[in-house]
1. Compute the separation of the alpha-carbon centres of segment 229-252 and segment 157-190 and state it in Å as a whole number.
2. Which of V242, T152, L263 sits closest to the plus end of the dipole of the chain, meaning its Cα is farthest towards the positive end, when Lys and Arg get +1 and Asp and Glu get -1 on the C-beta?
3. Counting other Cβ atoms within 10 Å of each Cβ, which chymotrypsin sites (Phe, Trp or Tyr not before Pro) in segment 67-166 have at most 10 and sit in a DSSP loop?
4. Using +1 at the Cβ of each Lys and Arg and -1 at the Cβ of each Asp and Glu in segment 121-172, identify which of T127, L171, V137 lies farthest towards the dipole's positive end.
5. What residues have an amide H closer than 5 Å to that of V84, excluding those fewer than 5 places away on the same chain, when H is modeled at 1.01 Å from N in the peptide plane?
6. Take each of the peptides 58-65, 17-24, average the number of other beta-carbon atoms within 10 Å over its residues, and list them starting from the highest.
7. Sticking with the crude label model, points 7 Å out along Cα→Cβ, report the distance from L274 to R246 in nm, one decimal please.
8. Quickly estimate the mean residue ellipticity at 222 nm for the chain, helices only: each DSSP H run with n ≥ 4 gives -39500 (n - 2.57), and the total goes over all residues, rounded to 500.
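Readers should treat all values here as calculations from the given coordinates under stated rules, not as data from a laboratory. From a predicted model like this one, the values you see are computed outputs, not experimental measurements. Neighbour counts run over all protein chains shown; Cβ positions are idealised from the backbone, glycine included.
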Amino acid sequence: MDSRTIVISGGTDGMGRALALRRLAKGDHVIAVGSNAEKGARLVADAAVRGRAEFVRADLTTVAGTRSVIRAIEASTDVVDALVLCANRVRPGRVETAEGFESTFALYYLSRYLLSHGLTPALEQSTSPVVVNVAGVGTRKGAIHWDDLQLTRRYRAVAAQLQAGRANDLLGVGYAAQHGGRVPYVLYHPGFTRSGDLSTLPRPTRTAIRVAARLFARPVEAAVAPIDRFIDAPPPAPLTAVDRDRHLPLTLPTLDPDRAGRLAERTAALLDHLDGVRGR
């Protein structure tokens, strides 16, 4: 197979890093996006004898930072063959970005919305493109807080993660309706995996998660293997939803097209408002 260009958000940690090294071993050009320069440099060094790796440092919790990534990728390549969205971070307390967004909403959902739509022109130049959104499809817990998307009134870390997860489900539905005929979209839930950045959590919580992961979680390589297959052979359908190794029906209530349209309109309005404020 010819070398392909793979963009991975959250590409210097956990599943993102494992996937990057796996694709580099196949000779691909990997563009890893992350916030930690040291981890980025380590990935590039590890890739020196495998393939071509680039690291784009950015703050994906901000719209400006995510848009800067899109510009950097456009400057680096005309074609993106696969976009894999992994970046996420659990925040035990509510953190508001400089742009006024709740951090989990901004990183876990909004950056993925911007990268998906912003890199569509480059994806459309590929002969076999695919977007893989690594989130929690198949999970029915959680809800979109339509009257308080930024969780200003009652923040809980789990509620924030679940809201962003359900938003990613709807992002996939909305994207597929708009672009899926040319760029297939995959919603993929890897399940509990020995992966992820736990540095923002209190020490007792980190310890408990690590113990549970040793006992019950999937190895990273097992969780990454399906993504590798999606890249090598993108599904023919506009939208595919997979929970671990199980294909899901697109009739799930969490994949409702009307709610996907509503979220897309709300997201566009949030971005228009932000751009309007900046333009004053």
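1. If you average the Cα positions of each part, the centres end up 12 Å apart.
2. T152
3. Filter output for segment 67-166: W146.
4. The residue sitting farthest along the positive end of the dipole is V137.
5. Residues meeting the amide H criterion: V7, I8, S9, V132.
6. Working: 58-65: 20.4, 17-24: 24.4.
Ranking the peptides 58-65, 17-24 by packing returns 17-24, 58-65.
7. It is 3.5 nm.
8. Calculated mean residue ellipticity at 222 nm is -14000 deg cm²/dmol.
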